[in-house]
1. When both residues are 6+ apart or on different chains and their Cβ atoms are under 6 Å apart, which pairs have a first residue that lies in segment 17-39 and is more than 12 Å from Arg373 (Cβ to Cβ) and modelled with pLDDT of 60 or more, and a second that is in a helix (DSSP H, G or I) and not charged (D, E, K, R)?
2. Can we say Arg138 is surrounded by fewer than 21 Cβ atoms within 10 Å (Cβ to Cβ), at pLDDT 90 or above and of a type in the set (Lys, Arg)?
3. Scan segment 328-344 and tell me whether some residue there is touching a Leu at 6+ places or on another chain (Cβ under 7 Å) and surrounded by 14 or more Cβ atoms within 10 Å (Cβ to Cβ).
4. Does Gly145 qualify as being at pLDDT below 95, closer than 22 Å to Ser89 by Cα and in contact with a Pro (Cβ under 7 Å, 6 or more places away or on another chain)?
5. For segment 44-60, which positions are farther than 21 Å from Gln117 by Cα and in contact (Cβ under 8 Å) with a residue 12 or more places away in the chain?
6. Working only within segment 51-81, note down all residues that are part of a helix (DSSP H, G or I) and hydrophobic (A, V, I, L, M, F, W, C).
7. Name the residues in segment 278-300 that are more than 25 Å from the chain's Cα centre (by Cα) and buried (at least 17 other Cβ atoms within 10 Å of the Cβ), would you?
8. Just wondering, is there one or more residues in segment 283-294 that are on the phi < 0 side of the Ramachandran plot, out of contact with any His (no Cβ under 8 Å at 6 or more places or on another chain) and part of a loop (DSSP other than H, G, I, E, B)?
Amino acid sequence: MNKILAAAFCLAFSLSIPISVDAGGAPPALASADWSVKGAHNLASKPPSLDAVQDFYDRAFGIDEPYVKVCEFGFGDLRNSGNLSLIVSINPEGRQWPECNELYIFDRTPTGFELYQTDSAIGLDLANSVIDINHDGRHELVLWGDPATFATGYYNSRRTNELTCDAEWPLIFAWTGNGYSEVSDQYKDYYREYLKSLDAQLAAYSQESGPAAPQTADAAPAVDRVLTGRPAIAFENGPRVKGPAAESGVVLSGPAPAPEAAPTPDWQARRQAELDYPCKRIEAAKAEAFLGINSASTMSAAIRDSESKDPNKRILAVAIFSFFGSQEAKEDLKKLSNDADPRVARIAKAAASMGENPPQSYRTIIPGEASFRW
């Protein structure tokens with residue numbers, strides 16, 4: 001009898017103890033945090049851990065077995081509402097290579113969270129992606145696209161058909177009340193600074209390697225900046241915008257930066273200059289066309305490349321001609337469409353029919369879908 005009474009007492013006592021709810025049904029700590037810009041624990045200046053953001057991401061999408069890796073993240077007042085947004089880049093589906101080429105925006109609103117995602121544009125260096133460009137208290141989001149997808153190998157890891165470098169083009173997005181729109185045309189001063197930086201880099205390449213030449217057909221593949229996790233910085237020789245980077249309100253989280261590398265031997269610097277040079281010329285030509293600059297030197301160099309025996313130089317000329325709408329550029333592009341090298345001809349035909357570049361897919365941020373089951 002005593003044993004029966006003891007068992008009954010234990011059962012009653014156990015039922016009186018609160019039962020912990022499965023973590024999957026409770027909000028993750030980050031979702032319950034104060035996302036306001038003026039919060040006592042500001043998420044931008046005092047960011048959570050990468051694990052906390054990973055947990056937030058997984059449970060926002062209802063993922064029980066995490067297979068998507070959050071690469072880096074940042075917070076910024078993208079809607080200029082007083083509430084922060086979370087921007088994350090991810091490596092989808094646990095791919096073997098760290099292809100952090102998908103980007104999501106979680107906007108904190110008075111009624112919960114809203115999700116947006118890029119169609120093709122990617123985030124490079126999220127610490128500098130949310131910027132108050134005009135210093136007017138409003139923040140913009142700078143993402144990146146390929147300005148010559150037909151000519152560069154950004155998404156071609158085998159590098160068999162295109163130039164072995166990654167051309168990059170900044171795209172500026174802003175909240176417009178009911179979504180995010182590309183507003184690059186409103187920030188020409190930003191692109192003038194960008195062009196100055198590119199011109200400085202091209203001049204430095206020429207000083208390092210003599211007359212920097214586009215790569216030859218048997219050039220070794222360049223190190224892919226996305227695959228190595230080393231994002232390209234557009235303004236390496238100058239500021240991205242006027243004023244300190246701290247004004248962006250974004251904090252990069254992830255592995256600590258590696259110690260400063262030892263000086264690169266001269267031959268390696270020359271080799272890297274040769275690999276990077278074509279895409280820097282593409283980026284500079286794109287910036288000139290965007291700003292309405294008719295550069296005689298740019299066109300003269302492209303014409304010389306179009307007449308070169310090196311097919312890769314002719315591909316470089318294709319990319320540059322594609323940015324300019326002059327009759328001369330159109331005729332040169334048409335001529336290259338009939339090039340004896342089928343690779344050059346194919347790329348020239350693709351460029352001629354490309355239209356706006358980067359294409360519209362890079363210029364679009366679309367609403368996303370998440371379960372937010374917490």
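1. Correct list of pairs: Leu30/Ala52; Leu30/Phe56.
2. Values: surrounded by fewer than 21 Cβ atoms within 10 Å (Cβ to Cβ): yes; at pLDDT 90 or above: yes; of a type in the set (Lys, Arg): yes.
Considered against the rule, which asks whether it is surrounded by fewer than 21 Cβ atoms within 10 Å (Cβ to Cβ), at pLDDT 90 or above and of a type in the set (Lys, Arg), Arg138 comes out as yes.
3. Within segment 328-344, the first condition is being touching a Leu at 6+ places or on another chain (Cβ under 7 Å), and the residues that meet it are 344.
With surrounded by 14 or more Cβ atoms within 10 Å (Cβ to Cβ) added as a condition, the list becomes 344.
Within segment 328-344 (the criterion being touching a Leu at 6+ places or on another chain (Cβ under 7 Å) and surrounded by 14 or more Cβ atoms within 10 Å (Cβ to Cβ)), the answer is yes, since at least one residue qualifies.
4. Details: at pLDDT below 95: yes; closer than 22 Å to Ser89 by Cα: yes; in contact with a Pro (Cβ under 7 Å, 6 or more places away or on another chain): yes.
Spelling it out, Gly145 is indeed at pLDDT below 95, closer than 22 Å to Ser89 by Cα and in contact with a Pro (Cβ under 7 Å, 6 or more places away or on another chain).
5. Ser45, Pro47, Pro48, Ser49
6. Of the residues in segment 51-81, the ones part of a helix (DSSP H, G or I) are 51-60.
Hits for segment 51-81 are Ala52, Val53, Phe56, Ala60.
7. Within segment 278-300, Thr298, Met299 meet the criteria.
8. Filtering segment 283-294 down to residues on the phi < 0 side of the Ramachandran plot leaves 283-291, 293-294.
Adding the requirement that they be out of contact with any His (no Cβ under 8 Å at 6 or more places or on another chain) leaves 283-291, 293-294.
Next, from what is left, pick out any that are part of a loop (DSSP other than H, G, I, E, B): 293-294.
The answer is yes; a qualifying residue exists.
The values are calculated or read from the model by the stated rules, or taken from the named source; none is laboratory data. Quick caveat, the model's predicted, so the values are computed rather than measured. A quick note on method: Cβ atoms are made from the backbone with ideal geometry, for glycine too, and the neighbour counts reach across all protein chains shown.
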